[in-house]
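The values are calculated or read from the model by the stated rules, or taken from the named source; none is laboratory data. Here the structure is a predicted model, which is why all the values come from computation and not from measurement. A quick note on method: Cβ atoms are made from the backbone with ideal geometry, for glycine too, and the neighbour counts reach across all protein chains shown.
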Amino acid sequence: MGAPLTISVAVVGGGPAGLFAAERLAQSGCAVTVYEKMPSVGRKFLMAGRGGLNLTHAEDFEAFAGRYGAAAGWARPMLEAFTPADLRSWAEGLGQPTFVGSSGRVFPKAMKASPLLRAWLARLAALGVTVRTRTTWLGWDAAGALRFATPDGEITERPDATVLALGGASWPKLGSDGAWAAWVGDVAPFRPANMGFDTAWSPVMQGFAGQPLKGIALSFAGRTVRGEAMVARYGLEGGAIYALSAPLRDAIEAEGSATVTLDLRPDMSVGALTARLSQGRGAASLSNHLRKALKLTPVETNLLREAHGRNLPAEPGALARAIKAAPIRLTGAQGLARAISSAGGVRLGAVDERLMLRARPGVFVAGEMVDWEAPTGGYLLQATFATAAWAARGVLAWTSRQA
């Protein structure tokens, strides 16, 4: 008997989903070529690394799996098959040990993506993976071959299987522009996720753009999130607001605005705040009194005035309640060009249990191009890797049946 035929796989997209699918497939003996339209791979991955590269999260798995909202049930078997612990082990296997931050977020000790990406690309090269950059996917021709635009003209490829890992539609300048939706079909419209929100700041408040709000809590629709945010000229951005971005976005789309409630001192009760504020103010201005009694920063004090009016309550109890519940009316969401991630993409019903497109046998999808969303905090990258591993397994199962 002759040697078994090598399975050829085209991976379209050189982000983390595409690279991880390529790695898994090459380790299984497939001949893998990665096609990337940008001049280099991993651009969005490197951009994420500027914030420390939050790989995953160390919280209890049940809580972790629940972060995927409407897609939690769909994503669960993939997250169970490639867990946060698996992702940490993978990074450490590339010489990048990880650590758990105080919030439970997991980072590489190097706190950046470039060393990990370099080691990853070296591993892929050692596995025989071919990477072709400046190669833009154009869909399929009439005979079902993959079409690509290259600097030397259009080419076609006929692999045994294909993994599409083209990302969503956020940060389009880094390559994820969602243009692929025109060829894949059955795609939910793209919407921004993990983005900032607009509010009608006064000129005074706009002057605090770039100032952080640390150790706060934000509440909306019965959910409270602890964390940090940042004042922007247009409104609010940052991790705490991103964690509420899906319901806030949906409410604004439905009603035209949404009001989020800000607690500037979530670790203190109204009673404790009242006691502090009841201590002699003397001739001090209210701003100085708030600074000395509660260490409120100028941006926090002015935010209170934005929420409650210029004349804040003088009575300690009323002022304490104002600090614990400052309403901020949001009137719009920042668009896809500024969003960290996107909602929408290939509908879950358009793929089978292996992530193969029902309308395109032998074509699998992975990563953010599928219609799921999650908050920042490691959930985005974890699901990106998990879906890539699942799609690679699907390729191997499908091709084995075709042999």
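Within segment 125-139, residues that are without any contact (Cβ under 8 Å) to a residue 60 or more places away in the chain have Cβ atoms under 6 Å from residues that are assigned to a strand (DSSP E or B) in these pairs: LEU138/ARG147; LEU138/ALA149; GLY139/ARG147, counting only partners at least 6 apart in sequence or on another chain. The residues of segment 129-165 that are surrounded by 20 or more Cβ atoms within 10 Å (Cβ to Cβ) and of a type in the set (Gly, Ala, Ser), listed by number, are ALA161, ALA165.
In segment 252-262 there is at least one residue that is touching a strand residue (DSSP E or B) at 6+ places or on another chain (Cβ under 9 Å), in a helix (DSSP H, G or I) and loosely packed, with under 15 Cβ neighbours inside 10 Å. Filter segment 87-127 for residues that are among the polar types (S, T, N, Q) and in a helix (DSSP H, G or I); which is nearest to GLN27 (Cα to Cα)? My answer is SER89. From TRP183, TRP201, grab the single residue that is under 22 Å from VAL41 (Cβ atoms) and touching a residue at least 40 places away in the same chain (Cβ under 8 Å). Result: TRP183 is the single residue among TRP183, TRP201 that is under 22 Å from VAL41 (Cβ atoms) and touching a residue at least 40 places away in the same chain (Cβ under 8 Å).
Taking segment 185-206 only, how many residues are over 22 Å from PRO298 (Cβ atoms), surrounded by 21 or more Cβ atoms within 10 Å (Cβ to Cβ) and over 18 Å from the mean Cα position of the chain (by Cα)? Result for segment 185-206: 0.
Before we move on, is ALA169 free of Cβ contacts under 8 Å to residues at least 12 places away in the same chain and in a loop (DSSP other than H, G, I, E, B)? Against the criterion (free of Cβ contacts under 8 Å to residues at least 12 places away in the same chain and in a loop (DSSP other than H, G, I, E, B)), ALA169 does not qualify. Residue pairs whose Cβ atoms lie under 7 Å apart, sitting 6 or more positions apart in sequence or on different chains, and linking a residue in segment 205-221 that is farther than 20 Å from SER245 by Cβ and outside the structural domain of LEU264 (by TED's automatic domain parsing) to a partner that is among the aliphatic types (A, V, I, L, M) and part of a helix (DSSP H, G or I), do not occur here.
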